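The values are calculated or read from the model by the stated rules, or taken from the named source; none is laboratory data. A quick note: this is a predicted structure, and the numbers were derived from the prediction, not measured. Here the Cβ positions follow ideal geometry from the backbone for every residue, glycine too, while neighbour counts run over all protein chains shown. Quick note on the areas: whole protein, heavy atoms, side chains included, nothing else; ligands and nucleic acids left out. Shrake-Rupley method; radii C 1.70, N 1.55, O 1.52, S 1.80 Å.
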Amino acid sequence: KIELEKMINYIASKQYSNELIFWEKDGLTKTMLAKLKADQVLEFKPEQIVFKFLDSLKPGNAPESLLLLTKLLKTDEPEIVIYMIIKRFRLLLLLRDKIISGTDELDKMASWQIQNLTKQANYFTLISLVKIYHELLEIDAAQKTGQASFNLKKSLELFLTNI
């Protein structure tokens, strides 16, 4: 945060006519933006549908997951979606195996996030999560090596029907 503030102060002391792009997890504060005297500020945050979709991944919930996937694919590429699904199931697998810390991903999460993911993980058995994770890796590898029977969108749809 201190480094970001130093950078903002430096940029504010110069005259720039170019576009500046800041890629910050927590965004810029109003004070920082005021120093930059920006004509236009665009902030890009993930759509809430991403989180609704990921939270919908559980056994017997294919209709809702498929509906949310269809909406999500209107704004995000299937390659991003499979990455998010793989990440979610990796976290669910860790939590179902009672690993609640010791990884960068889990250690950076708030306790309420861990609780929500643990609740979701409990919809699955440990064995089913291992199988699902393996299936996701097979889908990903098949897509990347050109061996997939279907395009990624269709593969994701079929995957969701089998959870």
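Assorted remarks:
- Normalised contact order of the stretch 29-112, rounded percent, pairs of Cα under 8 Å and 6 or more residues apart: 19
- Computed over the Cα atoms of the stretch 1-68, the ratio of the radius of gyration to the Kirkwood radius (Rg/Rh) comes to 1.25.
- Each of residue 14 and residue 36 was given a label point 7 Å from its Cα along the Cα-to-Cβ line. The distance between the two points is 1.4 nm.
- Under the simplified labelling scheme, the residue 98-residue 49 pair shows an inter-label distance of 4.0 nm, with each label point 7 Å from Cα along Cα→Cβ.
- Taking all Cα pairs closer than 8 Å and separated by 6 or more residues, the relative contact order of the chain comes to 25 percent.
- For the stretch 72-160: rounded, prolate or oblate by the Cα gyration tensor [a/c cutoff 1.5]: prolate
- Surface composition of the stretch 1-138: carbon and sulfur atoms hold 55% of the protein heavy-atom accessible area at a 1.4 Å probe.
- Helix-only [θ]222 nm of the chain, DSSP H runs n ≥ 4, -39500 (n - 2.57) each, per residue, nearest 500: -19000 deg cm²/dmol
- Applying a length cut-off of 27 Å (Cα extent along the axis) and a mean Kyte-Doolittle floor of -0.5 to the DSSP H helices of the chain leaves 126-145.
- Accessible area per residue in Å² at 1.4 Å probe, computed on the chain: 71
- Size of charge dipole - the stretch 13-163 - debye, nearest 20, with Cβ of Lys, Arg +1 and Asp, Glu -1, no other charges: 260
- Summing charges over neighbours of residue 148, with a neighbour being any other residue whose Cβ is under 15 Å away from its Cβ, gives -2 when K and R count +1 and D and E count -1.
- The stretch 38-119 shape via C-alpha gyration tensor axes, a/c threshold 1.5: oblate
- Difference of contour (0.36 nm per residue) and Cα-Cα distance, residue 114 to residue 151: 10.0 nm
- Cross-linked pairs 37/74; 74/144; 87/119; 45/131; 52/131: Cα-Cα separations exceed 27 Å for 37/74; 45/131.
- Aspartates and glutamates with Cα under 20 Å of residue 154, excluding same-chain neighbours fewer than 8 positions away: 64, 76, 77, 79, 135, 138, 140
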